[in-house]
1. Taking the criterion of being open to solvent by 60 Å² or more (accessible area, probe 1.4 Å), modelled with pLDDT under 95, more than 30 Å from LEU6 (Cα to Cα) and over 19 Å from the mean Cα position of the chain (by Cα), would at least one residue in the stretch 50-57 satisfy it?
2. Exactly one condition in (1) in contact with a Leu (Cβ under 6 Å, 6 or more places away or on another chain); (2) modelled with pLDDT of 95 or more is false for TYR35; which is it?
Amino acid sequence: MSEKLLRIINHYGILPQLKYFQSEVFELNEAIIRYNEAEYNYFEGYFYVNGDDYELINHIKEEIADVLVMLSQFKEYYRIEEKDILKIMEEKIERQLKRIEDE
(Lines give C-alpha, C1' and ligand atoms only; values in the text may rest on other atoms or scores of the structure.)
Protein backbone atom coordinates (compact mmCIF):
# COMPACT_ATOMS: atom_id res chain seq x y z
CA MET A 1 0.00 0.00 0.00
CA SER A 2 2.88 2.41 0.69
CA GLU A 3 3.85 2.46 -3.00
CA LYS A 4 0.28 3.34 -3.94
CA LEU A 5 0.18 6.13 -1.35
CA LEU A 6 3.48 7.55 -2.60
CA ARG A 7 2.25 7.36 -6.17
CA ILE A 8 -0.80 9.44 -5.27
CA ILE A 9 1.04 12.13 -3.29
CA ASN A 10 3.85 12.35 -5.83
CA HIS A 11 1.33 12.71 -8.65
CA TYR A 12 -0.59 15.60 -7.06
CA GLY A 13 2.26 17.13 -5.04
CA ILE A 14 2.61 17.77 -1.33
CA LEU A 15 1.06 21.26 -1.25
CA PRO A 16 -2.09 20.36 -3.18
CA GLN A 17 -2.48 17.28 -0.98
CA LEU A 18 -2.11 19.42 2.15
CA LYS A 19 -4.92 21.64 0.90
CA TYR A 20 -7.02 18.60 0.09
CA PHE A 21 -6.28 17.22 3.56
CA GLN A 22 -7.75 20.37 5.09
CA SER A 23 -11.01 19.78 3.24
CA GLU A 24 -11.10 16.14 4.38
CA VAL A 25 -10.61 17.14 8.03
CA PHE A 26 -13.34 19.74 7.64
CA GLU A 27 -15.71 17.11 6.18
CA LEU A 28 -15.00 14.80 9.13
CA ASN A 29 -15.68 17.64 11.52
CA GLU A 30 -18.98 18.39 9.75
CA ALA A 31 -20.03 14.72 9.87
CA ILE A 32 -19.40 14.54 13.61
CA ILE A 33 -21.22 17.80 14.27
CA ARG A 34 -24.16 16.66 12.15
CA TYR A 35 -24.39 13.40 14.12
CA ASN A 36 -24.33 15.23 17.45
CA GLU A 37 -26.91 17.76 16.30
CA ALA A 38 -29.16 14.96 14.98
CA GLU A 39 -29.14 13.29 18.39
CA TYR A 40 -31.10 16.28 19.64
CA ASN A 41 -33.21 16.92 16.54
CA TYR A 42 -35.63 14.12 15.75
CA PHE A 43 -37.47 16.28 13.24
CA GLU A 44 -34.76 16.03 10.57
CA GLY A 45 -36.04 12.58 9.59
CA TYR A 46 -33.09 10.48 10.68
CA PHE A 47 -33.67 6.81 11.40
CA TYR A 48 -32.57 5.86 14.90
CA VAL A 49 -31.74 2.38 16.18
CA ASN A 50 -30.82 2.26 19.85
CA GLY A 51 -30.04 5.97 19.68
CA ASP A 52 -27.59 5.59 16.78
CA ASP A 53 -28.19 6.64 13.22
CA TYR A 54 -26.43 4.24 10.91
CA GLU A 55 -26.38 6.63 7.97
CA LEU A 56 -24.65 9.31 10.01
CA ILE A 57 -22.25 6.82 11.61
CA ASN A 58 -21.36 5.45 8.17
CA HIS A 59 -20.66 9.00 7.02
CA ILE A 60 -18.29 9.48 9.96
CA LYS A 61 -16.57 6.18 9.10
CA GLU A 62 -16.09 7.30 5.50
CA GLU A 63 -14.65 10.65 6.53
CA ILE A 64 -12.28 9.03 9.05
CA ALA A 65 -11.07 6.74 6.26
CA ASP A 66 -10.47 9.75 3.99
CA VAL A 67 -8.44 11.50 6.70
CA LEU A 68 -6.45 8.34 7.44
CA VAL A 69 -5.62 7.90 3.75
CA MET A 70 -4.30 11.44 3.63
CA LEU A 71 -2.30 11.00 6.84
CA SER A 72 -0.87 7.77 5.47
CA GLN A 73 0.27 9.62 2.36
CA PHE A 74 2.11 12.17 4.49
CA LYS A 75 3.61 9.42 6.62
CA GLU A 76 4.98 7.71 3.51
CA TYR A 77 6.10 10.95 1.87
CA TYR A 78 8.13 11.99 4.93
CA ARG A 79 9.29 8.38 5.60
CA ILE A 80 7.86 8.35 9.11
CA GLU A 81 7.70 4.98 10.82
CA GLU A 82 4.40 3.81 12.29
CA LYS A 83 6.15 2.75 15.50
CA ASP A 84 7.44 6.30 16.00
CA ILE A 85 3.96 7.73 15.63
CA LEU A 86 2.50 5.15 18.02
CA LYS A 87 5.18 5.96 20.61
CA ILE A 88 4.38 9.67 20.45
CA MET A 89 0.66 8.93 20.63
CA GLU A 90 1.14 6.82 23.74
CA GLU A 91 3.14 9.62 25.39
CA LYS A 92 0.44 12.15 24.56
CA ILE A 93 -2.33 9.88 25.84
CA GLU A 94 -0.48 9.28 29.11
CA ARG A 95 0.16 13.01 29.52
CA GLN A 96 -3.53 13.78 28.98
CA LEU A 97 -4.63 11.08 31.43
CA LYS A 98 -2.26 12.60 33.98
CA ARG A 99 -3.87 16.01 33.41
CA ILE A 100 -7.30 14.46 33.94
CA GLU A 101 -6.16 12.87 37.21
CA ASP A 102 -4.78 16.23 38.39
CA GLU A 103 -8.03 18.09 37.72
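The values are calculated or read from the model by the stated rules, or taken from the named source; none is laboratory data. Predicted model only: the values in this text are computed from it and were never measured. Here the Cβ is made from the backbone with ideal geometry for all residues, glycine too, and neighbour counts use every protein chain on show. The protein model used for the area step is the full one, side chains on, heavy atoms only, and it has no ligands, DNA or RNA in it. Shrake-Rupley method; radii C 1.70, N 1.55, O 1.52, S 1.80 Å.
1. Within the stretch 50-57, one or more residues are open to solvent by 60 Å² or more (accessible area, probe 1.4 Å), modelled with pLDDT under 95, more than 30 Å from LEU6 (Cα to Cα) and over 19 Å from the mean Cα position of the chain (by Cα).
2. Answer for TYR35: the failing condition is (2).
Let's see how each residue does on (1) assigned to a helix (DSSP H, G or I); (2) open to solvent by 70 Å² or more (accessible area, probe 1.4 Å); (3) of a type outside the set (Lys, Arg):
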residue	(1), (2), (3)
GLU63	yes, no, yes
VAL67	yes, no, yes
GLN73	yes, no, yes
ILE80	no, yes, yes
ILE88	yes, yes, yes
LYS92	yes, yes, no
ILE100	yes, yes, yes
